[in-house]
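We did not get these values from a lab; they are worked out from the coordinates using the rules stated. This one's a predicted model, so the numbers in the text were calculated from it and none came from an experiment. No Cβ is skipped: glycine too gets one built from the backbone with ideal geometry, and neighbour counts run over all protein chains shown.
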Amino acid sequence: MARDELAFGRFRLQPGRQLLLDGRPLSLGAKPLNILTVLVAAGGDLVTKNELIERVWPGTVVEENALQAHISALRKVLGEDGGRIATVPGRGYRFDDPIEHVAVAGTSPELQGGASAAQHSATARRQRIRPWMAALAVAAVILAVAAVSWQSVDFSSGKAVHVERYLVLPFVNRTGDPRNENFADALTDAVSGRIGTRFWDSEVLGHTQAFVYKGREVDGAKLARQLDLSYIVEGSLLTNDGRIEALATIIDAVTGTQIGSVTKRARDGEDETQAQWLSAGLVDQVQWTVTRAHRREVVAGKVADGDIRNVLIRAKIAMDGPSLHTAWPKVVALLDQALKLDRHNVHALCNAAAARIQYSQVFAFNDEAERTAMLNAAEALLDEAVRIDPTRTMLHLMRGDLRIAQGRHDAALAEYQRALDLDPLSADALEGLAVADIFKGEPQAALLKLNRALAISPDDVYLIDGDLASLYMTTGQDAEALAAIRQAATANSGDTATWMALAGLLQLNGHPDEARAALTTLRRLNPDITIAKLRLADANASSQFQYAQERLYAALHTAGLE
């Protein structure tokens, strides 16, 4: 029987057995090896500290510094590749590089997992692809026809999409202060509401149904059967170092198993938006946890492709491979399959548009005509999705990205502002507004928005650092731009745009050897990038931005990029 080894750089990981460097086994203890296996198996997704501890030290009380020590040891073993293990401040770790699956005969499979280029931005973490530095644009080609019969799906039955049902149990006040009881209730409603508006193809039981269980012991399996639930979210309100902390545990209601726990600490001070702010952080993490669980089930072959969600996950896995250019026919076929299951499904339309954005982001298009065709196809998909569901924040974020790619920056600002109006706690919307400001040559306005975005979502520091590098470039602050882009590369070592900017800024700051090394990494991640393709993404930008970009392109050319 065959089993996959997982290859990255000069390393091969044999899950649960050993790590090889250039074919030679390395001396690595069982705990670090298990940590590396869990991180790699997550396919580029965040793995929280709690989850790592639970997986590697099951049933054992372990201090967090033990985990940190093993992470440090792993990075030393990986040497120059140690940066692939990215720290997500205050939350956990992520393995940020493309993984190649190499079948090896004669062993049994122990681990299957779809690996992703870290940007999945587009991530599994978020489907929106951020236009950064070079206004990375939308992509390509008319959808191919997949071999799925329209008549094979009964649209009236709704069987093409499995709607997931969530129950958020009332948060339990464990702070010891009865005055926090109302706050716990407000947080319950905020989390329920946000799941209902952010999750695709899902519904959440309302306040009346949920609060029947307040203060009661519940039988999760019985509840799941009675209410036809997919997931149960159990919440607690705690205190940590004098500050309120919210904890949410996600339970697969069908199997009764816990698939993850997430936490979010309250901001300093008290204000009426605290519950909404906490719910935003918690729900984002819940969404990533559920998405990761879905992805593992699909990769392991535990689900069929009759559900649009599963087809879209397969498409995302294909997009996240090391070469989207070669994977594109498969991606198109899968997206066609999803749209044929339900041509009016907003989730499928959104993903089809996101795929075109990502195709362009990795510069896989051949020429300007193909890129334009991609932009037009993405626009048609988003127009249809917005017509069906005009209040979904994600669609307006993606429309903003599309307008940036088209050089229509005022229209981009309008879309990002619409997204912010729909969700005042959207760090993505603020970041999009900042990007539009940078393209328009308004760095101070951009800086204010980036600071607000960072206050809302401090875990998005990688994105913010990337934008800051772009901002500093437009104001001639090359040293500050280099410092910011180094931080971005440390947080996410698999992002093409980051390495492109890093190579250019190293050259501009007088580090030619490092610039050439960064360029080598860039070519390994993405051999399709050329300066000519980069210039296509600068349409209608301000003269200030254009000047900064041309300086960057000249530096990249000096470093060796054609």
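Points worth noting:
- ³J(HN,Hα) computed for each position of the range 336-348 - Karplus, 6.51 cos²θ - 1.76 cosθ + 1.60, integer Hz, glycine/proline x: 4, 4, 5, 5, 6, 5, 6, 5, 10, 6, 5, 4, 5
- Size of charge dipole - the range 308-559 - debye, nearest 20, with Cβ of Lys, Arg +1 and Asp, Glu -1, no other charges: 580 debye
- Ascending count of other beta-carbon atoms within 10 Å, so fewest first, for HIS409, HIS347, HIS294: HIS294, HIS347, HIS409
- Among TYR472, MET500, SER543 - extreme Cα towards positive end, dipole of the range 464-554, charges at beta-carbon: MET500
- Ascending count of other beta-carbon atoms within 10 Å, so fewest first, for ASP389, ASP252: ASP389, ASP252
- Assigned charges on the beta-carbon of Lys, Arg, Asp, Glu; the range 164-297 dipole about Cα centre (debye): 300 debye
- Three-way shape call for the range 501-562 based on the alpha-carbon gyration tensor, with the a/c threshold at 1.5: oblate
- Extension gain (nm, one decimal) between ARG24 and ALA455, 0.36 nm per residue minus Cα-Cα: 150.6 nm
- Taking THR474, THR197, THR208 and counting other C-beta atoms within 10 Å, the order from fewest to most: THR208, THR197, THR474
- Using a Förster distance of 30 Å, the FRET efficiency for GLN444-ALA411 (Cβ separation, nearest 0.05): 0.85
- Length-normalised contact order of the range 164-297 in % [C-alpha pairs under 8 Å, at least 6 apart]: 27 percent
- Per-residue ³J(HN,Hα) for the range 67-72, Karplus 6.51 cos²θ - 1.76 cosθ + 1.60, θ = phi - 60°, Hz, x for Gly and Pro: 4, 4, 5, 5, 4, 4
- In nm, spacing of pseudo-spin labels at LEU227 and THR208 (7 Å Cα→C-beta vector): 1.5 nm
- Simple label model, 7 Å out from Cα along Cβ direction - ARG267 to ALA7, nm: 4.9 nm
- Normalised contact order of the range 308-559, rounded percent, pairs of Cα under 8 Å and 6 or more residues apart: 14 percent
- For the range 209-218, 3J(HN,Hα) per residue [Karplus equation, 6.51 cos²θ - 1.76 cosθ + 1.60, θ = phi - 60°, Hz, x = Gly/Pro]: 5, 5, 7, 4, 9, 5, x, 10, 6, 10
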